[in-house]
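Structure first, then comments.
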Amino acid sequence: MSNIDNFWVVIPAAGVGKRMEVDHPKQYLRLEGSNSLNATVIEQTISRFSHHSKIKGIVVVISKDDEYWPTLEINHTVPLYLAEGGKERCHSVLNGLTFLKGKAQENDWILVHDAARPCLHLDDIEKLMGRLSDHSIGGLLGLPVADTLKFCSDDRQVKRTVDRSGLWRALTPQMFRYQKLLDALNEAIIYPEKITDEASAIEMAGYEPLMVEGRWDNIKITHPQDLSQANLILESH
């Protein structure tokens, strides 16, 4: 399949981030590193794509009652759109894809990226685009598991050591052909608990995504200490 040079980005940002233990969604926490220009997490995340020459448009999916988004001033040359979020991440991503009907073509690429991953390096975007350029389905950034894995009971008693051979941590962006991802999510949406990422929906549809090794510093801000680590990473970029 020849390279299709149309790329779109969907950023689900309708979550509340309960594990951050703060009074507003984690994507609106402020980063303080000089390389982030004192931006919020979501502003920094969007900046990874907002001036990219290959990207046709960015869809940010936010909560219907989001009171923080209107306070932002996003610097962008790539068209920026808003879509309304859903109950779970998979519903929000599907809403973003539905918004692109009539804009994205069947074989255009969709990059789905976590709003809470502001440290994505531009090299990883280029690597993902390059490795998947002729792929019929798509794939995702990931990291091979390096730590020893333990399987535990509900009361945290270690039952056995798990073989980590062939195990990878899934990161984002995850990049798939528009129509295939749209169809896969529409079919899988009746089992939202099983759709932990876009790749899992693609897998449920019978496809095999390609894993592309990414950078270790593409962290997801989930816990309070992650914000400090993100600041340090951004200082080093």
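Let's see how each residue does on (1) part of a strand (DSSP E or B); (2) under 30 Å from Lys87 (Cα atoms):
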residue: Pro173; (1), (2): yes, yes
residue: Glu187; (1), (2): no, yes
residue: Arg215; (1), (2): no, no
residue: Asn218; (1), (2): no, yes
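Only one of the listed residues (Arg164, Arg156, Arg117, Arg169) is part of a loop (DSSP other than H, G, I, E, B), under 22 Å from Trp216 (Cβ atoms), of a type in the set (Lys, Arg) and free of Cβ contacts under 8 Å to residues at least 40 places away in the same chain. That residue is Arg164.
Selection within segment 54-107: residues that are under 18 Å from Lys26 (Cβ atoms) and of a type in the set (S, T, N, Q). The member of this set that is surrounded by the fewest Cβ atoms within 10 Å (Cβ to Cβ) is Thr71. Within the option set Arg156, Arg131, being surrounded by fewer than 12 Cβ atoms within 10 Å (Cβ to Cβ) and not aromatic (Phe, Trp, Tyr) holds for one residue only, Arg156. Residues in segment 220-237 that are of a type in the set (Val, Ile, Thr) and in a loop (DSSP other than H, G, I, E, B): Ile221, Thr222.
Got a sec? Which of Tyr191, Tyr207 is of a type in the set (Phe, Trp, Tyr), more than 15 Å from the chain's Cα centre (by Cα) and surrounded by fewer than 14 Cβ atoms within 10 Å (Cβ to Cβ)? Don't jump to the end; show me each part of the working.
Numbers: Tyr207 fails: surrounded by fewer than 14 Cβ atoms within 10 Å (Cβ to Cβ).
Going through Tyr191, Tyr207 in turn, the sole match is Tyr191.
Within segment 25-33, does at least one residue satisfy the condition of being touching a Ser or Thr at 6+ places or on another chain (Cβ under 6 Å), modelled with pLDDT of 90 or more and assigned to a loop (DSSP other than H, G, I, E, B)? Scanning segment 25-33 turns up no residue that is touching a Ser or Thr at 6+ places or on another chain (Cβ under 6 Å), modelled with pLDDT of 90 or more and assigned to a loop (DSSP other than H, G, I, E, B). Is it the case that some residue within segment 183-191 is closer than 17 Å to Ser92 by Cβ, polar (S, T, N, Q) and touching a helix residue (DSSP H, G or I) at 6+ places or on another chain (Cβ under 6 Å)? No, the conditions are met nowhere in segment 183-191. Among the residues here, Ala146 does not qualify as in a loop (DSSP other than H, G, I, E, B) and closer than 21 Å to Pro192 by Cα. Does Asn6 meet the test of being closer than 13 Å to Cys119 by Cα and either at pLDDT below 85 or surrounded by fewer than 19 Cβ atoms within 10 Å (Cβ to Cβ) (or both)? No, not satisfied.
The values are calculated or read from the model by the stated rules, or taken from the named source; none is laboratory data. Note that the coordinates shown come from a computational prediction; the quantities given were computed from them, not determined experimentally. No Cβ is skipped: glycine too gets one built from the backbone with ideal geometry, and neighbour counts run over all protein chains shown.
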